[in-house]
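Below is one structure, written out as structure tokens; comments come after it.
The values are calculated or read from the model by the stated rules, or taken from the named source; none is laboratory data. Predicted model, so just to flag it, every value in this text is computed and none were measured. Glycine also receives a Cβ, built like all others from the backbone with ideal geometry; neighbour counts cover every protein chain displayed. These accessible areas exclude ligands, DNA and RNA; they are computed on the full protein's heavy atoms, side chains included. Shrake-Rupley method; radii C 1.70, N 1.55, O 1.52, S 1.80 Å.
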Amino acid sequence: MSRSMFFGIFSSILGLIGLIFLFTASSNLPVYQRPVEAFQGLAFTLVWGMGVPESLGYPAAALSVLAVLAVLFVVGKKISGWLD
């Protein structure tokens, strides 16, 4: 695995952890339950707050998480290219 690929994966993982802790900041849940709570909270926000139909709430939440991971992966690869 190349250095830029490693940097991209590392930045995606750190970004996902940051997103999880952002959504569950005021929660008193154990750490192992926080990813599920963050995903449920994102789906709830999309359905109730933004008016997305209920049948599209979970797929839209999954696509949102995947989009964040993809963007952070690209940013991590670019930063790795600048460090060379």
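The figures follow:
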| read-out | value |
| --- | --- |
| Per residue, in Å², the accessible surface of the chain once ligands and nucleic acids are set aside, probe 1.4 Å | 71 |
| Peptide ranges 40-48, 20-28, 59-67 listed from the most packed, as the mean C-beta count within 10 angstrom indicates | 40-48, 59-67, 20-28 |
| Modelled FRET efficiency - R0 41 Å, Met5 with Trp48, Cβ distances, 0.05 increments | 0.60 |
| Within the accessible area of the chain (1.4 Å probe), percent carbon and sulfur | 74 |
